[in-house]
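The values are calculated or read from the model by the stated rules, or taken from the named source; none is laboratory data. It should be emphasised that the depicted structure is a prediction, and the values quoted were computed from it without experimental measurement. Heads up, the Cβs are rebuilt from the backbone with ideal geometry, glycines too, and the neighbour counts pull from every protein chain shown. Side chains are part of the model used for accessible areas, which takes the heavy atoms of the whole protein and leaves out ligands, DNA and RNA. Shrake-Rupley method; radii C 1.70, N 1.55, O 1.52, S 1.80 Å.
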2 protein chains.
Amino acid sequence: MTESSVGKADSARMQTPARLKKGTMRIVPLGGLGEVGRNMTVFELNGKLLIVDCGVLFPEEHQPGVDLILPDFSYIKDRLDDVVGVVLTHGHEDHIGAVPYLLRLREDIPLYGSKLTLAFVEAKLAEHRIKANTNIVVEGEIAQIGNFECEFVAVNHSIPDALAVFLRTEAGTVLHTGDFKMDQLPLDGRITDLRHFARLGEEGVDLFLPDSTNAEVPGFTVAEREIGPVLEAKFARARRRIIVASFSSHVHRVQQVLDAAAMHGRKVAFIGRSMVRNMGIAERLGYLDIPQGVLVDLKQIDTLPDHKVVLMSTGSQGEPMAALSRMANGEHKVQINPGDTVILASSLIPGNENSVFRVINGLMRLGAEVIHKGMAKVHVSGHASAGELLYCYNILRPKNVLPVHGETRHLIANGRLAAQSGVPEENVLLAEDGSVIDMKDGVAQLVGQVECGYVYVDGSKVGTITDDDLKDRVTLGEEGFISVITVINRQNGTIISGPDIHARGVAEEDSVFNEIKPKIAAAIVEAVSNNPNHTTHQLQQITRRVIGSWVSRKLRRRPMIVPVVLEA
Amino acid sequence: MTESSVGKADSARMQTPARLKKGTMRIVPLGGLGEVGRNMTVFELNGKLLIVDCGVLFPEEHQPGVDLILPDFSYIKDRLDDVVGVVLTHGHEDHIGAVPYLLRLREDIPLYGSKLTLAFVEAKLAEHRIKANTNIVVEGEIAQIGNFECEFVAVNHSIPDALAVFLRTEAGTVLHTGDFKMDQLPLDGRITDLRHFARLGEEGVDLFLPDSTNAEVPGFTVAEREIGPVLEAKFARARRRIIVASFSSHVHRVQQVLDAAAMHGRKVAFIGRSMVRNMGIAERLGYLDIPQGVLVDLKQIDTLPDHKVVLMSTGSQGEPMAALSRMANGEHKVQINPGDTVILASSLIPGNENSVFRVINGLMRLGAEVIHKGMAKVHVSGHASAGELLYCYNILRPKNVLPVHGETRHLIANGRLAAQSGVPEENVLLAEDGSVIDMKDGVAQLVGQVECGYVYVDGSKVGTITDDDLKDRVTLGEEGFISVITVINRQNGTIISGPDIHARGVAEEDSVFNEIKPKIAAAIVEAVSNNPNHTTHQLQQITRRVIGSWVSRKLRRRPMIVPVVLEA
């Protein structure tokens, strides 16, 4: 396989695929291919659909104001009754976050997942007032879901109780890893089960869908266990309060913080709604072992001396409303004081750099010592690096590979690893959201493309905001707007009121517009006198042209122009 | 020095300083402390002002639509006639970019700098139609600029011909490094002159202002020279076109690309206005040595076979309008084809990650092989790492240290290095933009704070857009706006036209507003009938309340509301 050929496959744009034949399996990823988030894949066989994962994507800066991005359900929306189940591989938002929106379309779709995964899903659904049909499965278990025989395999990830799923069908077999890595000494002893992978490999994996997130990263992901001693060393040196920020679902990271606190005689309080909720669930179900007497309520913190306190917080990505950002701005009830230690035991998701560094600078200005993964081993990734992926390819020896979960660069890198391990180049499928892959008799191929857009959650609305609305928002955000209102008397062609100009986000006093108002008025009066039948829409366009060219010349900006002509 | 004490100094908020006494030097950084950019420091002695650097800062995502951010000139704007000169340490935008805006205030302020620096400045000033008073200086030279004796020292950076400046005055001595690193084998053989530093150290450095950018980075910055062999190896493997992206002022990086092209029998074309302009200047002045016959015009590229072509481009930070982004989108006349090699021989400035990865994904989708610093040594920093800074502290043994050029975290890290090297803790000054430092008899201390805001360049306007305007833009960008226009007849209290509702960036069809229009109308009519003396402003506030609470409840959004009530 040449270096460049793997990249070529996915750029072929294809047509709507032919009708699916009996005995052929169709695989359609509706999210997660070409992006990190909104993971969702639909498997279809003999008229029935099985879905693996149903997550959300978080918006980027060119999608302002958007709360969440969902997979595009249009492909399945007319066939919801054919859905036999949704398998959820683990409890992260990018794998479960869109479940409430899917269940709004049909509430009784059966959900399958591990105990912790479903507990997190149920907590989320409760907020949406949805009572789901949940079915707990465990590793090693085989569940017949419609015409899909699903066998679950333990995998290790940055949340406990993650599962891969193996589909055994008349069209062939599929192994979907979900998100995983291969920590050989995980805190809970629950390793990615390579013996199980080996058995499946011997049985035969026709199609393998591996997590691509870290496929570009050479070597092996460091063990989570190695973070403990680093935390302990930092705790040993700290003289005042310690604040640790991490993801609120990272049970093992929190476990290590609790253990380090216990070792150094400190109490821990959880900060942040999701941290409190998730750790409550994890403890109740036995995934988190809180050392006797270590956990205290945030309210009790002020009664303790500084050197007895650890605060376990959300906000590690610099989210402006999260506890840590508000501490950095001095706007949180927990005050940062000189000599406090803040540990960002977390990843730095691309795109969040400015926000995170703003938080770090703010904390340091207040005198805190800030420790992050750039300077100490306080974070390890939850995804398999290239070295680990090669182990998988060699143990499984899949016939076909469809890299999932990643941007284009990650999918291509993972495809190259597959090819290097000996998967024939033509059997490495580089697909995108909406690609259609058909598989029969162990042969999988790209056969088409279905519509698969971004679906935005925006306030109370799902899917009503369009890409054009977002372009409007970007223009409004960068340039502001100028609205020009004129009330005319059509009968005698005079102006009754206006032009009245309102500008926001434009670098000007309102008085600057006095210069252009007479020209707008004159243009409207002239237009009406030339042709009394001009519509208000036409008069609005005239207004737009007059003020638009003036603004462009005078201010060298291109704000949104909103011309309004009213008749009275 | 305790780890935390360095962080404390700068958070003390201070008052306007006392009037400056004769024989005391006052140092006021107007930019570059607490940010990476808009570097500018004012030195005052006996009524005269010397300025070192005058750069711009590029806006972040919370400053939408802003073109550039300037240092705040208010502190000096009434004293421009007292300015004896501006020393420009090197030709990067964050050190020279604001010069045109300063010279608009007084065009004949003398500028001092090296040959290449001033050539870049003059090219920039020509675009602003400004003819400046420029004075070329060279390393080793001593220039008397007003009452400041300025001695220039060669330093190595990611642009040739950079200088540090040593000020010898009756109040004491100051060494300002500008930006620098200590490449011991630079391409041009022009090292940071440590013998010169040593002589100044023996003479005595009362105050040292060192570049802090890489103070958090342990060890030593790798030599620029090490990139050459990496480029050559990539060139040797490439079978089709090669596109290299880098900063348009990085003469030595471009030199290495030209040399690698010559070695492999390829021709090079420059793409991007600033690349063409800067390399023209660099060649004319002898800083760039273009191998015989290697450079061709972009127009000639199509006549050459792919394996004979190198394109040297701008756009390494993912700037949407730059050549590389447009190539990645298929919108540039240079088309990317499968098998092309793209090398990002550049840094990845924090905050640009999403844009850069978007470009990389786009190039890979088109089939290009993309090589960047994450996978190959195709970039080295231009700034001294911690190890190099320690050499400086030990050679100079400064009495006082004021870390410059960096975010808070960088300044604090640099201050710690100073303290570790033996500078007394109380002599490490952690300052911010607008901090006032007075120095006399070798004692430097923070004595106050002057106003020092962000000055935004926005289209044709400088300093008219305010932080409130930017907040409006952020609101408009995230939430859009709803404008409500009602024309009333005050005499009889009726509504003549409207309420007319216009919304942009809001996730709704206009028809959704039909529900609320009668309520707005009723509220206005009721208000006028209750009290005919309601002002239009009051009626507008009533309108805002009615629609605002409806939108918040109905759409769960908080768009900007622009209520307009007109009388006719």
Any pair with Cβ under 6 angstrom, 6 or more apart, that starts in the stretch A:414-437 at a residue that is over 25 Å from A:Cys452 (Cα atoms) and ends at one that is in a strand (DSSP E or B): A:Ala418/A:Val401; A:Ala418/A:Val428; A:Ala419/A:Val428; A:Val423/A:Val401
Per-region count, the stretch A:143-182, residues of a type in the set (S, T, N, Q) and closer than 22 Å to A:Ala384 by Cβ: 4
Matching entry among B:Val455, B:Val506 (being open to solvent by less than 50 Å² (accessible area, probe 1.4 Å) and in the same structural domain as B:Asp72 (by TED's automatic domain parsing)): B:Val455
Condition met for A:Ala376 (farther than 23 Å from A:Phe166 by Cα and open to solvent by less than 10 Å² (accessible area, probe 1.4 Å)): no
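Take A:Ile301 and decide whether it is more than 14 Å from chain B (Cβ to nearest Cβ) and of a type outside the set (Gly, Ala, Ser). Even if it seems obvious, please write down each step before you answer.
Working: more than 14 Å from chain B (Cβ to nearest Cβ): yes; of a type outside the set (Gly, Ala, Ser): yes.
The answer is yes for A:Ile301.
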Among (1) surrounded by 21 or more Cβ atoms within 10 Å (Cβ to Cβ); (2) within 27 Å of A:Leu363 (Cα to Cα), the one test that B:Gln63 misses: (1)
Count of residues meeting criterion [in contact with a helix residue (DSSP H, G or I) (Cβ under 7 Å, 6 or more places away or on another chain) and open to solvent by less than 10 Å² (accessible area, probe 1.4 Å)] in the stretch B:387-405: 7
Residue among A:Arg365, A:Arg397 that alone is out of contact with any His (no Cβ under 6 Å at 6 or more places or on another chain), over 27 Å from B:Gln317 (Cα atoms) and assigned by TED's automatic domain parsing to the domain that holds A:Gly172: A:Arg397
Residue list for the stretch B:463-483, filter: at positive phi and within 7 Å of chain A (Cβ to nearest Cβ): B:Gly480
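Could you grab me the full set of residues in the stretch A:252-273 that are under 22 Å from the mean Cα position of the chain (by Cα) and either surrounded by fewer than 17 Cβ atoms within 10 Å (Cβ to Cβ) or free of Cβ contacts under 8 Å to residues at least 24 places away in the same chain (or both)? Talk me through it step by step, then tell me what you get.
We begin by selecting, within the stretch A:252-273, every residue under 22 Å from the mean Cα position of the chain (by Cα); these are A:252-254, A:272-273.
The one that is under 22 Å from the mean Cα position of the chain (by Cα) and either surrounded by fewer than 17 Cβ atoms within 10 Å (Cβ to Cβ) or free of Cβ contacts under 8 Å to residues at least 24 places away in the same chain (or both): A:Arg273.
When you look at B:Glu203, is it more than 14 Å from chain A (Cβ to nearest Cβ) and of a type in the set (D, E, K, R), yes or no? Break it down into steps so the answer makes sense when it comes.
Working: more than 14 Å from chain A (Cβ to nearest Cβ): yes; of a type in the set (D, E, K, R): yes.
Considered against the rule, which asks whether it is more than 14 Å from chain A (Cβ to nearest Cβ) and of a type in the set (D, E, K, R), B:Glu203 comes out as yes.
Applying the selection to the stretch B:517-568, what residues are in a helix (DSSP H, G or I), among the β-branched types (Val, Ile, Thr) and within 14 Å of chain A (Cβ to nearest Cβ)? Before the answer, list the steps.
Here is the first cut: in the stretch B:517-568, the ones in a helix (DSSP H, G or I) are B:517-530, B:536-555.
Within this subset, residues satisfying the condition of being among the β-branched types (Val, Ile, Thr) are B:520, B:524-525, B:528, B:536, B:542-543, B:546-547, B:551.
Once the filter is applied, which keeps residues that are in a helix (DSSP H, G or I), among the β-branched types (Val, Ile, Thr) and within 14 Å of chain A (Cβ to nearest Cβ), the stretch B:517-568 yields B:Thr536, B:Thr543, B:Val551.
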Qualifying residue in the stretch A:457-468 (condition: free of Cβ contacts under 8 Å to residues at least 60 places away in the same chain and closer than 22 Å to B:Lys471 by Cβ): no
Any chance A:His95 is open to solvent by less than 40 Å² (accessible area, probe 1.4 Å), assigned to a loop (DSSP other than H, G, I, E, B), out of contact with any Pro (no Cβ under 6 Å at 6 or more places or on another chain) and under 23 Å from A:Phe43 (Cβ atoms): no
Subset of the stretch B:484-516 [small (Gly, Ala, Ser) and within 14 Å of chain A (Cβ to nearest Cβ)]: B:Ser497, B:Gly498, B:Ala503, B:Gly505, B:Ala507, B:Ser511
Output for the stretch B:159-181, where each listed residue is surrounded by 22 or more Cβ atoms within 10 Å (Cβ to Cβ) and in a loop (DSSP other than H, G, I, E, B): B:Ile159, B:Pro160, B:Asp161, B:Ala171, B:Thr177, B:Gly178, B:Asp179, B:Phe180
Positions within the stretch A:120-143 being open to solvent by 70 Å² or more (accessible area, probe 1.4 Å) and farther than 17 Å from A:Asp193 by Cβ, in sequence order: A:Glu122, A:Glu127, A:Arg129, A:Lys131, A:Ile136
Positions within the stretch B:66-91 being open to solvent by less than 30 Å² (accessible area, probe 1.4 Å) and not aliphatic (A, V, I, L, M), in sequence order: B:Pro71, B:Asp72, B:Phe73, B:Gly85, B:Thr89, B:His90, B:Gly91
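Rundown of residues vs (1) within 17 Å of A:Ser483 (Cβ to Cβ); (2) touching a helix residue (DSSP H, G or I) at 6+ places or on another chain (Cβ under 6 Å); (3) modelled with pLDDT of 90 or more; (4) in the same structural domain as B:Ser497 (by TED's automatic domain parsing), yes/no style:
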site: B:Ile524; (1), (2), (3), (4): no, yes, yes, yes
site: B:Asn530; (1), (2), (3), (4): no, no, no, yes
site: B:His534; (1), (2), (3), (4): no, yes, no, yes
site: B:Gln538; (1), (2), (3), (4): no, no, yes, yes
site: B:Arg544; (1), (2), (3), (4): yes, no, yes, yes
site: B:Trp550; (1), (2), (3), (4): no, no, yes, yes
site: B:Arg557; (1), (2), (3), (4): no, yes, no, yes
site: B:Met560; (1), (2), (3), (4): yes, yes, yes, yes
Matching residues, the stretch B:40-60, being surrounded by fewer than 24 Cβ atoms within 10 Å (Cβ to Cβ) and within 14 Å of another protein chain (Cβ to nearest Cβ): B:Phe58, B:Pro59, B:Glu60
Failed item in (1) farther than 30 Å from A:Asp433 by Cα; (2) away from every other protein chain (no Cβ under 13 Å), with A:Cys452 passing the rest: (1)
Top-ranked residue of the stretch A:439-450 - restricted to ones that are surrounded by fewer than 21 Cβ atoms within 10 Å (Cβ to Cβ) and either part of a strand (DSSP E or B) or free of Cβ contacts under 8 Å to residues at least 60 places away in the same chain (or both), ranked as nearest to the chain's Cα centre (by Cα): A:Gln449
Count of the stretch B:451-496 residues which are in a strand (DSSP E or B), over 15 Å from B:Arg558 (Cα atoms) and of a type outside the set (A, V, I, L, M, F, W, C): 6
